[in-house]
Amino acid sequence: MSPLLQRRLIFVTGKGGVGKSTVALALGLLAARRGLRTIVAELAAGEHLQRAFAQQEGRQFEEIELAPGLFTISIDPQHAMEEYLRVKTGPVGQALGHSRLFHAFAMATPGMRELLSIGKVWELAQFERRTREAEPYDVVIVDAPATGHGVGILRTPRTFAEIARVGPIAHQGGQIARTIADRSFTAVLAVSTPEEMPVNETLSLYEALLAEGLDLDTVILNARYPDRFDDADASRLRAVLEADPPPPVRAAVRAGLSEQARAATQAEQHARLEELFPGRVSTLPFVFAPDIGRPELEGLADRLAEVLP
Amino acid sequence: MNIPELLENRRVCVCTGSGGVGKTTTSAVIALGMAAAGAKVAVVTIDPAKRLANALGLEALENEPRRVDPDRLATGSLEVRGELWAMMLDPKRTFDELIDRIAPDPERAEEIKANRVYRELSTAVSGSQELTAIAKLYELDQEGRFDLLVLDTPPSRNALDFFDAPGRLTNFLEGRALKAFLKPTGLGMRVLGRGAGPLLGALRRITGVDLVSDLSTFFGLLGDMTENFSARAREVEALLRSDETAFLLITSAQSEPIDEAIWFRQTLRDSGLPFAGVVVNRFHHDLGHEPEAQDLPSELGEAVGGELGARVAENFADYHVLSQRDASNVDRLLDELGSEPLLLVPHFDSDVHDVDGLLRVHRYLFASDEERVRLIDEVVA
């Protein structure tokens, strides 16, 4: 099995629009196939993970089984806070949980939303779950927010541990920070597409992680076009266009030349990424499909099984 | 419909949308095009691609707009009659400047800037980019130096964060909830009465005493400034709601960004913000021929050759899937928009990262309807 899947906590990060959720789910499918009880946690109110599996709405803050052994949850800070207070502080906590003033305060405190979210992630990854009767997971895959905030969320526990210094928040913050820093427990994975900005962002993510004493385990290069045509093919196709072919041939050949140009641009950025992260890049193909649903995700999981280190 | 028509009589254009859909590029094109048409325009960007930043002469984070050297823009095909100014937002510095501006004296400003809670607030925390982007926009608008301001919004996962985050921070800075907890003699405590005692105790137990005292110091320092802050926030909101502001929604034609665009359009409507239209980037136009056409394999075989012809056919079929996908996604968006404007920009063969690239996009966004039909014919013919 890939060493990546031997960690209990895997953060999937990257710029917006690069396919983080897709990669997180495909990785989740792969882990579940290996017999690992797996959950993919999305750190934002939204239901698009579940949508790929055509689940009903309305239960998004609960743990939902999408496929055998594969669960998903959308983590909402407010919901996480109520749960935390219920479990941790008993009746006073419950009263607090119902206090609107307390909510307003907690939600407005800088970093509190991030801390609550990551606290819930941490709870999911524990051998002994905080919430009663909850079964433990072997792997927790976190579909993190877009990169800038993604690093923020990894840093938050330590920040709180330092600011609060004493008390339960400092204690818990420190505990979570140590878990994140433990590379036998936690892995950080970056998703990029073969375009300039996402590659830049992967690099700055890497630098930000190093500054936090963390590291990047794997870079997934997502949505890579196939290299269908080489330069000789392209010259041949251009010659065909000049010979004024029938309109359908013209359309098909133009589509071919466009893709050749795009694939060439992608190859440049792909090479850049390989150079920046030698030996750490795994490539997933562009999916030519109207939508990324279950069959496409299964296909990507097949591919991950081949390419993951 | 085109950008100049959408932005007629507007002073502010806010480009918003989910991450990775080309917001920065689109903002730059809009600013360039409006400057070309004779206006004095400033574009405020958050995090442009390095090569695009270089193309505009934005080498470093600078908190003031700087005029883009007209020579950089002089590529022949577009004459810039007005002025293009650009700046890259530095959230930390904008925040500091905001404190400088509303603090009663420099000493107080320095104390606040040295406070640990403030330092966290102005850097690490999500929301500070959003807040400072809007603060900068407001400041530039107040100065009145520009005919048009174009704001590229920060890359948030969810387009709505842009509005949500400043609100959260403003609430925090106004500190109403917190003051109620912290001031035993304050109005909040009187209203809460004895009920607040256990709440305060629990808060201490959960957060740790030092956090509370840091916050308390912070709000003590802010003091009467929160009034200034609130007043400012109200003015900023008035600017965003004014009919001289235009919200442009930027999206790509993939399913998720389109879903988000639909949802965002509804949210703008619900919150009464002035919506101007949608730009759909990277659209795969239907090339007008079916890849399944019976004669295509033999025609390709004849014109291109057997094995290469087969690869061309396979690629054409894949392209067709994307063009069908894009068309049906845009149809969904149009159902939401009704007669509201939507501009399509095709998926180009290469990334846009220089002035030539901007001009390529410019042709589509600034063309008249007839010109655009002609441009699209060029793509699909």
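Could you check, for the range B:118-125, whether at least one of its residues is in a helix (DSSP H, G or I), more than 9 Å from every other protein chain (Cβ to nearest Cβ) and at pLDDT 70 or above?
yes
For A:I292, state whether it is under 21 Å from the mean Cα position of the chain (by Cα), surrounded by 15 or more Cβ atoms within 10 Å (Cβ to Cβ) and at the interface with another protein chain (Cβ under 10 Å from one of its Cβ atoms).
yes
I need a count of the residues in the range B:338-369 that are within 14 Å of another protein chain (Cβ to nearest Cβ) and either closer than 18 Å to B:L249 by Cβ or charged (D, E, K, R) (or both).
Residues in the range B:338-369 being within 14 Å of another protein chain (Cβ to nearest Cβ) and either closer than 18 Å to B:L249 by Cβ or charged (D, E, K, R) (or both): 4 in total.
Just name the residue that is nearest to A:A289 (Cα to Cα) out of those in the range B:322-378 that are of a type in the set (S, T, Y) and out of contact with any Ser or Thr (no Cβ under 6 Å at 6 or more places or on another chain).
B:S323
Residues in the range A:253-264: is at least one more than 17 Å from B:A317 (Cβ to Cβ) and not small (G, A, S)?
No, the range A:253-264 contains no residue that is more than 17 Å from B:A317 (Cβ to Cβ) and not small (G, A, S).
Determine, yes or no, whether B:A109 is of a type outside the set (F, W, Y), crowded, with 16+ Cβ neighbours inside 10 Å and closer than 26 Å to A:S204 by Cα.
no
Can you name every one of the helices (runs of 4 or more DSSP H) wholly within the range B:1-60 that holds 3 or more residues which are more than 14 Å from chain A (Cβ to nearest Cβ), buried (at least 21 other Cβ atoms within 10 Å of the Cβ) and within 14 Å of the chain's Cα centre (by Cα)?
Fully inside the range B:1-60 and qualifying: B:23-36.
Please verify whether A:L216 is of a type outside the set (S, T, N, Q), at pLDDT 95 or above and within 27 Å of A:I10 (Cβ to Cβ), treating the condition exactly as stated.
no
Results for (1) part of a helix (DSSP H, G or I); (2) more than 10 Å from chain A (Cβ to nearest Cβ); (3) closer than 22 Å to A:Y225 by Cα; (4) in contact with a His (Cβ under 7 Å, 6 or more places away or on another chain), shown as yes or no for each residue.
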| site | (1), (2), (3), (4) |
| --- | --- |
| B:L287 | no, no, yes, no |
| B:A293 | no, no, no, no |
| B:E299 | yes, no, no, no |
| B:A310 | yes, yes, yes, no |
| B:H320 | yes, no, yes, no |
| B:R332 | yes, yes, no, no |
| B:E336 | yes, yes, no, no |
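I want to confirm something. Restricting to the range B:1-60 and keeping residues that are in contact with a Phe, Trp or Tyr (Cβ under 9 Å, 6 or more places away or on another chain) and among the polar types (S, T, N, Q), which single residue is farthest from B:Q254 (Cα to Cα)?
Residue satisfying both the conditions and the ranking: B:N2.
So that you can scan it fast, the table gives a plain yes or no per residue for (1) at pLDDT 95 or above; (2) surrounded by fewer than 21 Cβ atoms within 10 Å (Cβ to Cβ):
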residue: B:A310; (1), (2): no, yes
residue: B:V321; (1), (2): yes, yes
residue: B:N329; (1), (2): yes, no
residue: B:F348; (1), (2): no, yes
residue: B:L359; (1), (2): no, yes
residue: B:D369; (1), (2): no, yes
residue: B:R374; (1), (2): no, yes
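Would you confirm, using the coordinates I've provided, whether B:V352 is closer than 30 Å to B:D71 by Cα, touching a residue at least 24 places away in the same chain (Cβ under 8 Å), of a type outside the set (D, E, K, R) and out of contact with any Gly (no Cβ under 7 Å at 6 or more places or on another chain)?
So B:V352 passes the test.
Scanning the range B:246-285 for residues that are among the small types (G, A, S) and within 14 Å of chain A (Cβ to nearest Cβ), which turns out surrounded by the most Cβ atoms within 10 Å (Cβ to Cβ)?
B:A261
What's the total number of residues in the range B:127-159 that are modelled with pLDDT under 70 and closer than 22 Å to B:I30 by Cα?
Selection size over the range B:127-159: 3.
The values are calculated or read from the model by the stated rules, or taken from the named source; none is laboratory data. Everything numeric in this text was worked out from a predicted model, so none of it was measured. In this analysis, Cβ positions are derived from the backbone assuming ideal geometry, glycine residues included, and neighbour counts consider all displayed protein chains.
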